[in-house]
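These notes concern the structure reproduced below.
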Amino acid sequence: MKCLITGASSGIGKDMAKYLSSLGYQVIMVSSDKEKLELASKNVKNSKIFVSDLRKENDVDKLCDFILEEKPEVVINNAGFGAFGFYDEINEDREIEMIKLNVICLHKITRTCLQYMEGVHNSYILNVASLAGLMPGGPMLSAYYATKSYVRSYTLGIYKELQRKNKDVNISVLCPGPVNTNFNKVAGGHFSVKSLSSEYVSEYAIKKMFKKKLVIIPGLSSKLAFFFSRFLPIKLLLSITFKIQHKKR
Ligand SMILES: NC(=O)c1ccc[n+]([C@@H]2O[C@H](COP(=O)([O-])OP(=O)(O)OC[C@H]3O[C@@H](n4cnc5c(N)ncnc54)[C@H](OP(=O)(O)O)[C@@H]3O)[C@@H](O)[C@H]2O)c1
């Protein structure tokens, strides 16, 4: 059994790699930083690394070719980052890179997996979105929230199409709230609310993925936040989100 995880050099992806290897999977760990990846893979039995800068179209295409050769039964689209601040404070190129990684790369890898997984019994795609992707918008992280809405919406649409076509591919979307990783350092903020551990989120997500859960939300507070958010007027929700995100400065 083989799995491939993007963004496996740190945080959620690294802990997912450890957990899947403990279940007996051969793990292919992908990230853009060879040194970080080599270090992370030392703690993951039966692993190999694939260095790829997934903001770059050429690198994504090479990874897709590699996926078609290797045909892993489990693929986790986890690589991603955020960019924190008012829209006119964030460097535009950085935002475009984020969209390329969080959206375009995930989209291409998902399509690639669907090509061969249709014929593979017990195959799984897990797309990592965020609680952000379940919200109507996220001031101070506006483009990031939008990328995660795309991940959520695309994954749910594909799920239904697979079901209608009776295809034996399982697809799920992971929507965590705050998780203690390098995310904030990269995004340029810090959490103003309590965060879950990356180990907990990773193990929880993979267990739920194997149970074929469609939308995976780790932690009671995130589940409650999602539940109640559906009853609030959008403008009020945006004001609450702004307050929470603004505290991250
Ligand atoms: N932490 C949170 O609170 C939280 C909440 C909800 C959702 N998420 C999502 O969870 C996912 C994992 O994030 P994390 O929290 O574990 O953060 P993290 O510790 O910063 O991990 C991000 C991973 O993405 C990889 N990555 C970044 N740029 C890349 C690129 N250009 N090419 C290939 N890989 C790249 C990084 O590897 P290299 O730097 O080595 O390339 C790293 O392995 C992200 O999609 C994030 O949006 C996080």
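Just a few scattered comments:
- Protein accessible area in segment 2-246, 1.4 Å probe - carbon and sulfur %: 53 percent
- Volume of the Cα convex hull of segment 100-146, divided per residue and given in Å³: 76 Å³
- Computed over neighbours whose Cβ is under 15 Å from that of Ile49, the net charge equals +3, Lys and Arg +1, Asp and Glu -1.
- Computed FRET value (nearest 0.05) for Lys160 with Leu220, which takes r as the C-beta separation and R₀ as 30 Å: 0.60
- Net dipole in debye of segment 158-235 [+1 Lys, Arg Cβ; -1 Asp, Glu Cβ; about Cα centre; nearest 20]: 360 debye
- FRET efficiency, 1/(1 + (r/R0)^6) with R0 22 Å, evaluated for Asp33 and Ile104 via beta carbons: 0.65
- Anisotropy class of segment 204-249 from Cα gyration tensor, a/c 1.5 cut: prolate
- Distance cut-off 32 Å, percentage of C-alpha pairs in segment 2-246 lying past it: 16 percent
- Of Lys108/Lys207; Lys108/Lys212; Lys42/Lys248, those spanning more than 30 Å from alpha-carbon to alpha-carbon: Lys42/Lys248
- In summary, the helical segments of the chain meeting the span-like criteria, namely a full DSSP H run, a Cα extent along the axis of 15 angstrom or more and a mean Kyte-Doolittle hydropathy of at least 0.0, are 234-246.
- Stretching the chain fully between Val193 and Glu69 yields a gain of 40.4 nm (0.36 nm per residue, less the alpha carbon separation).
- Measuring between their Cα centroids, segment 1-44 and segment 178-231 lie 19 Å from each other.
- With the convex hull drawn around the C-alpha atoms of segment 47-92, the volume per residue stands at 108 Å³.
- Summing Cβ point charges (Lys, Arg +1; Asp, Glu -1) relative to the Cα centre of the chain gives a dipole of roughly 1000 debye.
- Summing +1 for each Lys or Arg and -1 for each Asp or Glu among the other residues whose beta-carbon sits under 13 angstrom from that of Lys223 gives +3.
- Stokes-Einstein D (µm²/s) once Rh is taken as the Kirkwood radius of segment 145-214 over alpha-carbon pairs, at 4 °C in 1.567 mPa s: 93 µm²/s
- Cross-link reach is defined here as a Cα-Cα straight distance under 20 Å, omitting same-chain residues fewer than 8 places apart; for Lys223 the aspartates and glutamates meeting it are Glu199, Glu203.
- For segment 1-63, the solvent-accessible area works out to 47 Å² per residue, with a probe of 1.4 Å and every protein chain left in place.
The values are calculated or read from the model by the stated rules, or taken from the named source; none is laboratory data. Because the structure is predicted, anything quoted here is derived from the model rather than measured. Note: ideal-geometry Cβ built from the backbone for every residue, glycine included; neighbour counts use all protein chains shown. For the accessible areas, the whole protein counts, side chains as well, though only heavy atoms, and no ligand, DNA or RNA atoms are used. Shrake-Rupley method; radii C 1.70, N 1.55, O 1.52, S 1.80 Å.
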